[in-house]
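Everything below concerns the one structure shown next.
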Amino acid sequence: MVKKYILLLLILQLSISWGKAQLPLNQESYADSLNKSLKLNVSDSTKARTFFLLSYYYHNKHEDQKSKSYLEKGKELVKKYPYLQAISYFYESVVFLQNDTLKSKKAALKGNQLLLRYSNKEAYLFRAQALNNIAAIQQNHDHVKIALDMLLNQIIPLAKKSGDSLKLAAYYTNVAMIFTNSSERSKAETYYNLAIEMSKNLSHNSPVLAKAYILASINYNYSFKFPQSKSMLDKAKAILANHPKSEIQPNYYFSEGNYFEGVKQYKSALKSYDKGIAVAKELKLGYLLQGLRIQKFSALANLKDYKAAQPILDSVAKDNDFMTAANNRKSIFKYQAKNNFRLGNIKTAYWWLERHGQLSDSIYNSKINTDINTLEAKFRSVENKKRISELTAANEKAKYKANTNLLMNWLLGSVSLFLALMLVGVFLFFQDRKKLKELNYQQELKYLDQQYQVKLTRAMINGQDEERNRLGRDLHDGLGGMLAAVKINLSGWSAKSSMTDDQELGSIVNRLDNSITELRSIAGNLMPVSLLKFGLEVSLRDLSESFMSDSLVIDFQCLDVIDGLPVDQQMTIYRIVQELLNNVAKHSKAKNVLLQCSLSLNNFMITIEDDGVGFDMESLKEKKGMGISNIKTRVAYLDGKFDIVSGNNGQGTNVNIELKVSI
């Protein structure tokens, strides 16, 4: 049980490091080189990139204030560089990855969206890293399936397009780590081997390779493949030999001690844990430090040296940060009860066991207690309001007589004063009325015109949608049914007839069948049945597939979209996407299209990117087609923003739309 618990501690530490930079093992010289480069006479863009890397470095060193300071310095320098601005959101996501996951996720999504318009290898790499931060957050919130899906279907494909094989190897290690933590050892082994082979071909001394060896060793330990585990440890040790102060070193000692426990060499395990504890203390890795201490307790317990094991538990129990988590307290209480029982401290053991039971009950019943307290508070509130009302009525009645005379005196004086002030006010009012009347009239006309335009736009859009739905139903149910009946009758006549001249009748039946198919396609386009039956995400996916052909591939991605939006807003979003895809199919000559829809708070974002011929932006002012105009009208209907970037140089077109929706 102790081993499994400590494995989860190590996995937690390494999963948090998903979003961190893969810094060199010799971190001090790396930081010195960055600081020296700032003293050179270089451009603002180069300085900004250096500031971002220093922000990364100090984040890894757990110096949050320095990390944020360098991030802000970099952001100040990139205000005139849109590409670097997009990259800055990735670094912002890293800075807040551990302390504010909501802010980190929002920054990562923003960076990914802004980088969609760029098709260079570096942009692909930063998109992969931004999405990897989101996957790390999902993993730490126990959303394992979501994290794994993002790694396999989004992050790894982007890393491949970037050409950064070392980063790709790190992502394969992340996949393997998920399988290790889910007890799927065989699958984990496959991905560890893939990551190791890829890393070895690039560098024999990279931190990515060292981490892969360490995690692969742990996976072999829990598969009882101890020779393979020892082989992985030896290879990791060779990499770390010249870097005793690397943050990876305590993880190595953890894995080494774990191996020695597996082969029942408990004294050797103690030596490994002691080395890891010393390095973790020096590097201020508090959470991993307590994990190593608990594992040392496990080794001492296996040696039956319960007396030496007891101070370790006492030390861990005094760490307020570690003991803040209820599950940590629950585990320590249980270990205390077992060890004190073995020492013969029955009374103390019972006390710890009682605390463990109380905490377990507390965790289990916390929701029930919260609900009960809420109901009780509501009941007391109602009772208190009732008593307050009764007391207030009694007090008011008692004060009424005493205040009546005073009120009459004040009333007479107030009326007199009011009349005098009113006369002065009327005089001043008529003095200013002539000046204000015309100004108010103009403002009122402007306001009424704005309101009219808003109502006209909404009425036009609603009318269009209602008329489309009506026409779709009439075509499908009315004319479609009539044509189907005619086809059935003609088919029956053709079957009964034996005359050779009736071959022409068969041809007519075939043409009628094609007409029915075309009619149903038109009706479906006018009235999206899938939207009404299955929701927005399914209908958009069906719409994308309907535009696909042998010469056009559409990659549809949907992030955090819910189907709880009002129907009119869903219909507006559907029509916008339909018009965008229609423009791509008609004009772009594109082969590949990326369509991404995401929902963040009350903002619905649509991004579509193609690799077509593009067009001159100035031509939008000259063309009078209804496509772009309809899109802008529907965007304005949802108080949104519309941005389009293109050129006639064959770089394709990128459209970004942000809509305000109600959840």
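What follows is calculated from the coordinates using simple rules that are stated; it is not laboratory data. As the structure is a computational prediction, the values presented were derived from the model and not from experiment. When we count neighbours, we look across all protein chains shown, and the Cβ atoms used for this are built from the backbone with ideal geometry, even at glycine.
Here are a few things to note about the model shown:
- For Leu559, the residues whose modelled amide H falls within less than 5 Å of its own, excluding neighbours fewer than 5 places apart on the same chain, are Cys597, Ser598, Leu599.
- Highest mean packing comes first when the peptides 109-118, 654-663, 169-178 are listed by Cβ atoms within 10 Å, giving 169-178, 109-118, 654-663.
- Separation of segment 34-100 from segment 578-609 is 32 Å, based on Cα centroids.
- Highest mean packing comes first when the peptides 88-97, 414-423 are listed by Cβ atoms within 10 Å, giving 88-97, 414-423.
- Backbone N atoms of segment 309-351 closer than 16 Å to the 7 Å Cα→Cβ label point of Leu303 belong to residues 309-313.
- Here the contact order of segment 19-163, divided by its residue count and restricted to Cα pairs under 8 Å and six or more residues apart, works out to 18 percent.
- Diffusion coefficient, µm² s⁻¹, Stokes-Einstein with Kirkwood Rh over alpha-carbon pairs of segment 531-660 at 10 °C and 1.306 mPa s: 106 µm²/s
- Mean separation of Cα pairs under 8 Å and 6 or more residues apart, divided by the residue count, gives segment 531-660 a relative contact order of 23 percent.
- Rough spin-label spacing in nm, given labels placed 7 Å along Cα→Cβ, for Asp321 and Glu76: 2.9 nm
- Pairwise centroid distance, computed over Cα atoms, of segment 535-563 with segment 110-155, Å: 20 Å
- Per-pair calculated FRET efficiency, R0 = 51 Å: Leu359 and Asn648 via Cβ, rounded to 0.05: 0.15
- Under the criterion of Cα pairs below 8 Å and six or more residues apart, the relative contact order for segment 121-277 equals 15 percent.
- Karplus-derived 3J(HN,Hα), 6.51/-1.76/1.60, for each residue of segment 573-589, Hz, glycine and proline x: 4, 4, 5, 4, 5, 4, 5, 4, 5, 5, 5, 4, 5, 7, 10, 7, 6
- Unsatisfied cross-links (Cα-Cα over 28 Å) in the set Lys80/Lys160; Lys145/Lys296; Lys237/Lys281; Lys161/Lys235; Lys121/Lys225; Lys61/Lys296: Lys80/Lys160; Lys145/Lys296; Lys161/Lys235; Lys121/Lys225
- Compactness index (Cα Rg / 2.2 N^0.38 Å), segment 176-317: 1.05
- Taking 0.36 nm per residue of sequence separation and removing the Cα-Cα distance, the Asn99/Lys200 pair yields an extension gain of 32.9 nm.
- Shape category assigned to segment 249-332 from the gyration tensor of Cα positions, a/c cut at 1.5: oblate
- Using a Förster distance of 30 Å, the FRET efficiency for Asn582-Ser119 (Cβ separation, nearest 0.05): 0.80
- Segment 170-242 - convex hull of alpha carbons, volume per residue in Å³: 68 Å³
- Simple label model, 7 Å out from Cα along Cβ direction - Asp563 to Phe341, nm: 5.1 nm
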